[in-house]
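Notes follow the structure.
What follows draws every value from the coordinates through simple rules; no lab data is involved. All of these numbers come straight from a predicted model, not from anything done at the bench. When we count neighbours, we look across all protein chains shown, and the Cβ atoms used for this are built from the backbone with ideal geometry, even at glycine.
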Amino acid sequence: MVGARRIAYTTIPIHELREHHVLEKDKPLLKVTNLKVYYPLLKGMLKRKVGEVKAVDGVTFEIKTGETLGLVGESGCGKTTIANTILGLIEKDDGEILYHGESVPKELTSYLRQKIQMVFQDPDASLNPRLKVTGIIAEPLKNLLGITNKTEIRRHVLRLLKEVSLKREHMDRYPHEFSGGQKQRIIIARALACNPELIVLDEPTSALDVSVQAQILNLLIDLQEQYAYG
């Protein structure tokens with residue numbers, strides 16, 4: 001492609017990605033500058049563009065390791081759109097997204113998919129009902145870290161479940177056997193599987209009871225204090 005710029009990221013041995021490492025706090029992680037995402041308004045049978053909706057219009061922020069940043073606004077103001085744009089699920093119209101000082105490409109590289117994880121709002125929509133917990137958490141271990149040995153997978157899954165205060169007995173159960181709070185813990189465990197540096201949370205407690213919300217928030221705070229996630 002003429003004029004294309006090569007994006008370079010540090011190569012990390014696969015075995016180092018398989019274990020959790022504590023990040024150094026207060027290091028620049030993600031920088032978003034003047035981000036704009038517009039959706040076209042179409043009219044008529046020919047779908048002629050008659051205008052546009054400015055879902056995100058000139059948003060700028062920065063996140064460091066060990067830091068929490070909350071985007072506040074009413075429903076439909078563009079919070080989820082920003083998250084999806086960072087993850088490469090939606091293409092931006094303008095602006096810049098930098099990760100460790102390097103421009104984030106339209107399609108995330110394998111390295112970025114390991115290091116940037118997301119916890120979605122609805123736990124039921126995020127879990128495959130046909131898979132047991134081990135299979136759900138094993139997906140990123142297999143697809144991103146290349147772990148195929150069943151014994152090693154179960155060892156990693158058990159470690160991740162313990163990180164989110166679940167037990168060995170939960171490994172071979174299906175999603176419908178868990179409460180809403182437990183399902184969200186499973187999703188968090190899956191997000192932790194690739195040893196991420198940045199975890200994007202899209203209202204992860206809004207579908208839960210108030211008492212359970214506090215438990216999940218405390219869990220996220222504890223994990224951040226331990227590993228310095230952004």
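Key figures
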| read-out | value |
| --- | --- |
| Charged-residue dipole, Cβ positions (Lys, Arg, Asp, Glu), the chain about Cα centre, Debye nearest 20 | 780 debye |
| Cross-link partners of K43 among aspartates and glutamates (Cα-Cα below 13 Å; sequence separation of 8 or more within a chain) | E52 |
| Of K162/K183; K31/K106; K31/K162; K31/K79; K132/K162, those spanning more than 21 Å from alpha-carbon to alpha-carbon | K31/K162 |
| Nearest-20 debye value, the range 109-189 charge dipole, Cβ charges on Lys, Arg, Asp, Glu | 300 debye |
| Relative pair counts by distance (%), Cα atoms of the chain, 10 Å bins | 7, 29, 34, 21, 7, 1 |
| For the range 144-160, Karplus couplings with θ = phi - 60° (6.51, -1.76, 1.60), whole Hz, Gly/Pro x | 9, 9, x, 7, 10, 5, 4, 5, 5, 4, 5, 5, 5, 4, 4, 4, 5 |
| 18 Å Cα-Cα reach of K27 towards aspartates and glutamates, excluding residues that sit fewer than 8 places from it in its own chain | E62, E67, E102, E197, E225 |
| Size of the range 25-108 as Cα extents on the principal axes (Å, biggest first) | 54, 28, 17 |
| Set of lysines with alpha-carbon distance to K49 below 21 Å, sequence-local pairs under 8 removed | K36, K92 |
| Degrees separating the helix 210-227 axis from the principal Cα axis of the chain, which is the longest one | 90 degrees |
| Dipole of the chain [Lys/Arg +1, Asp/Glu -1 at C-beta], most positive-end residue of V59, S165, F178 | F178 |
| Angle in degrees between helix 133-143 and the longest Cα principal axis of the chain, rounded to the nearest 10 | 60 degrees |
| The chain - mean residue ellipticity at 222 nm from DSSP helices (-39,500 (n - 2.57) per run, n ≥ 4, rounded to 500) | -10000 deg cm²/dmol |
| Unit charges at the beta carbon, dipole of the range 32-191: most positive-side option, G70, L41, L131 | L131 |
| P(r) histogram, all alpha-carbon pairs of the range 122-230 included - 5 Å bins from 0, percent | 2, 12, 25, 24, 22, 11, 3, 0 |
| Candidates V164, V50, V59, ranked by Gaussian network fluctuation over the chain, Cα under 10 Å, top entry | V50 |
| Amide H contacts under 5 Å for R173, placed H, 5+ residues apart | V133, T134 |
